[in-house]
Structures are given as C-alpha cells and as structure tokens.
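The values are calculated or read from the model by the stated rules, or taken from the named source; none is laboratory data. Nothing here was measured: the structure is a model prediction, and the numbers come from that model. For neighbour counting, all protein chains shown are included, and Cβ atoms are generated from backbone atoms with ideal geometry for every residue, glycine included.
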Amino acid sequence: MGELGELVLGETHGRTSKDEVTVFKSLGLALEDVAAADFIYQQGQGRAGTRD
C-alpha cells in the first residue's frame, strides 16, 4: 500500500490483481485532482503525457 506519488516514482507497486481496490482521496485542490485523474487515465491507456 502506498500513496500516488510513491507509485509514480516506482517506490511502491500498484494492484497485482483485479481483487485489490484502489482508493483515491481528493485533497480539495481541483487543479491537482484533474491533473492526477488525467495522469492515471493516460497511464491506464498506456500513453501518459499525450492527448487524443
């Protein structure tokens, strides 16, 4: 288990099975929340940092 920043830096691992749950706690800063959501979405699509 770790924080998003640790996952991005490779200091912790993500889910290893579909049975594990990911929890995201918003800090209330909309710009950071949108940037984090976009990064996670792009990682899931295998193309972080690109736009369609």
Expected output for the range 1-22 (first residue within 21 Å of A35 (Cβ to Cβ) and modelled with pLDDT under 85, partner part of a loop (DSSP other than H, G, I, E, B) and of a type outside the set (F, W, Y), Cβ below 7 Å, 6+ apart or cross-chain) is G2/E11; G2/T12; L7/G14; T22/R15
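Please go through the range 23-52 and give me each residue that is of a type in the set (D, E, K, R) and either surrounded by 10 or more Cβ atoms within 10 Å (Cβ to Cβ) or modelled with pLDDT of 80 or more (or both), ordered by number.
Of all residues in the range 23-52, those of a type in the set (D, E, K, R) come to 25, 32-33, 38, 47, 51-52.
Residues satisfying the conditions are E32, D33, D38, R47.
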